[in-house]
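Since the structure comes first, as structure tokens, the remarks are kept for the end.
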Amino acid sequence: MKRLFGGGLLLTVLFICLGLLLFGGAQAISFDTFTAESMTNSADHRIFWLLKIPRLLLVLTVGGALAMVGGTYQILFNNSLADPYILGVSSSVTLGLVVAEIFLGWPSNSIKAMGIGLGFALIVILLLLFCFYFHKLQNMERVVLFGVGINFLFSSALFILISLQNHTLGSGSMRWLFGNIPWIELKESFALIAITAPIGIIIVIFGRYLDGLSLGDTVARTLGFNPNHVRGFYLVLTSLLLTSVTCLTGSIGFIGLVVPHCVRLVFAPRSSRVLLLISFVFGALFLAVSDTISRSILPPLEFPIGMVTTLLGGPLFLYLLWKR
Amino acid sequence: MFLLSFTKLLVLCSIIIGASPLEASQKVPKIITTSPTLTELIFQLGYGKTLVATSEFSDYPKEAKSLPTIGSLFYPSLEKIVRFSPDYVLVDSESTPHTLVTQLNKVKLASISIHLRSVEELFTSSKTLLQEIFRAQHLTILEEKTKQLQSNTKIFSKNFRFLIVAWISPLTLFGNSTFLSDLISKYGGQNLLNSNLQAAYPQVSLEWFVKNPPDILFLLTNQKENLDELQRLAQKWWPNQKVNLVALSPDYFARPTFTPLEHISAILKDAL
């Protein structure tokens, strides 16, 4: 009961923050924006519909997806330090986008550049699956180590590319390293939701297989499924989900690692499905609040979102750890 | 024999005179620059031939391309610098790591830090270089540039508000403490970013940007797609306001040298 009350209270606070996000932020807007007829063409009206709403949808989707992937990896690898970026998929996307920007001159927010990012990610996913099925990588520890290796390799390549650029004015490519919430239109927000929502739903629907995996391979087999097939299936799904959000925002740290742990500490969910669902909700709200704060600390400045998520989440996580 | 020696002497004199405005009796200093900006500036002051090495991407003027390099802007190689035994290393205080100056002191190499965050700093730094390193007797070149700037700015009496976009995503602007912003201010422009903001290239929120439309929005780009994209966005964000969108080519405006001074008035004449 106490846990439920605590969780409810936390959720209420986060929803209040969400309201503040819509009407506060770097430029606060009043409710009159929606009532007065003369306001329908005002700057506030445009800020609300052109900037705030698409951005909110984007951060909710990205935050939720990252927390969900983090939660899934922690179960899949049986490793509490697993985060969404552990397999190197996101660094491959980042490398693809930077390659497209530097060598092809395509802006990294263009569909063409995202296609290159997706291509790089697919290569890594296929490599991962190939090694997983044919080269004795079925030990999950090895999969993680393989991912760490890929991560180092691609990150180094990324740094080399960035340092080889003409630094007359610095480089916009650096944003991929720290995460960035770009401006997107409403239709693009819906397109992202249309891509990520089915993947998220499938991950949750088949969540019972994750429960089986968490009890060990022998138990999983007695429950009637092949644990390696489930792992392969989840590796593909989570990689696709991660690729679709990283293409837009780069690597936003901390959410995928810490939100599932916080959910475990506060709610102690009994199944993977519940864990992933609550992680999605809290990851989404956590990123939305972090985004609002990043733009409200010292307007008109906007701080890198990854920095805010870490600053906010770190103390919260340590507090929860201390209390439990 | 005498004729041959006289010819040699003539050739030698012509080399010295042609090489730089240094006095023939004066020892030619060996200079290394740590940024493309400083390389360009040294050439503009007429002492390009004193450069023995420079940083990567020093591509202007053409002669700079053939110079040996000492590494990139952020990672200059101390070993390479020492190998050239320069008399002076000109350090770009904006971009070169601060540790380089300490390292240069340790290896007993003279260095001069150059700040180029405003038009005034460009002139004072140039004067320092001319007087302290090149021992120039006359500052004719600077006097000419000052006159040129004064006559150019006089034509513009209209005040206007402006913003300069460095990158669209994330939205990064030129702050007040940048050379380009200062230069445009000389022509009657007012950068809409708060002048108390110390950051040179702050990342700003899009909401603030939309709420504060400038009269002229500059974008530092060579790519037409970027300008088209910003044009499209500007029409959405400010449908009822006239925001003049102007592209600034990085070839002319990215480096705080005398080059932007030569091109800005033509750009502003068109824009206003």
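Restricting attention to the stretch B:243-272, the residues that are of a type in the set (S, T, N, Q), part of a helix (DSSP H, G or I) and at pLDDT 90 or above total 1. If you go through the stretch B:217-229 one residue at a time, do you hit one that is more than 21 Å from the chain's Cα centre (by Cα), part of a helix (DSSP H, G or I) and of a type in the set (Lys, Arg)? The answer is yes, given that some residue of the stretch B:217-229 is more than 21 Å from the chain's Cα centre (by Cα), part of a helix (DSSP H, G or I) and of a type in the set (Lys, Arg). Filtered by the rule that a residue be exposed (fewer than 11 other Cβ atoms within 10 Å of the Cβ) and among the polar types (S, T, N, Q), the stretch B:216-244 gives a lone residue, B:Asn240.
Is one or more of the residues making up the stretch A:156-179 at pLDDT 85 or above and assigned to a loop (DSSP other than H, G, I, E, B)? There is no residue in the stretch A:156-179 that is at pLDDT 85 or above and assigned to a loop (DSSP other than H, G, I, E, B).
In this structure, B:Ser169 does satisfy being at the interface with chain A (Cβ under 7 Å from one of its Cβ atoms) and assigned to a loop (DSSP other than H, G, I, E, B).
Listed here are the residues, each with its yes/no results for (1) in contact with a Ser or Thr (Cβ under 8 Å, 6 or more places away or on another chain); (2) more than 13 Å from chain A (Cβ to nearest Cβ); (3) at pLDDT below 90.
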residue: B:Asn191; (1), (2), (3): yes, no, no
residue: B:Gln203; (1), (2), (3): yes, no, yes
residue: B:Glu207; (1), (2), (3): no, no, yes
residue: B:Pro213; (1), (2), (3): no, no, no
residue: B:Ile216; (1), (2), (3): no, yes, no
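For beta carbons closer than 6 Å, sequence separation of 6+ or different chains, a first residue in the stretch B:133-161 that is under 17 Å from B:Pro260 (Cα atoms) and a second that is among the basic types (Lys, Arg) and crowded, with 16+ Cβ neighbours inside 10 Å, the qualifying pairs are B:Thr153/B:Lys186.
Number of residues in the stretch A:23-82 that are of a type in the set (Ser, Thr, Tyr), within 21 Å of A:Thr292 (Cβ to Cβ) and at pLDDT below 75: the value is 2. One residue stands out among those in the stretch B:246-260 that are of a type in the set (A, V, I, L, M) and either surrounded by 18 or more Cβ atoms within 10 Å (Cβ to Cβ) or in contact with a Ser or Thr (Cβ under 7 Å, 6 or more places away or on another chain) (or both): the one that is farthest from the other protein chains (Cβ to nearest Cβ), which is B:Ala247.
One residue stands out in the stretch B:127-141 among those that are of a type in the set (S, T, N, Q) and more than 19 Å from B:Ile32 (Cα to Cα): the one that is surrounded by the most Cβ atoms within 10 Å (Cβ to Cβ), namely B:Thr140. As a summary of the residue check, B:Phe43 satisfies the conditions (1) aromatic (Phe, Trp, Tyr); (2) more than 28 Å from B:Leu261 (Cα to Cα); (3) buried (at least 18 other Cβ atoms within 10 Å of the Cβ) except for the one numbered (2). Residues that are assigned to a loop (DSSP other than H, G, I, E, B), more than 14 Å from every other protein chain (Cβ to nearest Cβ) and polar (S, T, N, Q): does the stretch A:80-97 have at least one? Yes, there is a match, as at least one residue in the stretch A:80-97 is assigned to a loop (DSSP other than H, G, I, E, B), more than 14 Å from every other protein chain (Cβ to nearest Cβ) and polar (S, T, N, Q). Residue count for the stretch A:104-136, restricted to those that are modelled with pLDDT of 80 or more, within 14 Å of chain B (Cβ to nearest Cβ) and either touching a helix residue (DSSP H, G or I) at 6+ places or on another chain (Cβ under 6 Å) or assigned to a helix (DSSP H, G or I) (or both): 4. If only residues of the stretch B:142-166 that are more than 14 Å from chain A (Cβ to nearest Cβ) and touching a Phe, Trp or Tyr at 6+ places or on another chain (Cβ under 8 Å) are counted, the one that is surrounded by the most Cβ atoms within 10 Å (Cβ to Cβ) is B:Phe162. Within the span defined as the stretch A:259-277, one or more residues are within 12 Å of the chain's Cα centre (by Cα), hydrophobic (A, V, I, L, M, F, W, C) and away from every other protein chain (no Cβ under 14 Å).
When every residue of the stretch B:62-74 is checked against the conditions, none turns out to be closer than 26 Å to B:Ile184 by Cβ and either out of contact with any helix residue (DSSP H, G or I) (no Cβ under 8 Å at 6 or more places or on another chain) or hydroxyl-bearing (Ser, Thr, Tyr) (or both).
The values are calculated or read from the model by the stated rules, or taken from the named source; none is laboratory data. All values derive from a computational prediction rather than experimental measurement. Glycine gets a Cβ as well: all are built from the backbone with ideal geometry, and neighbour counts include every protein chain shown.
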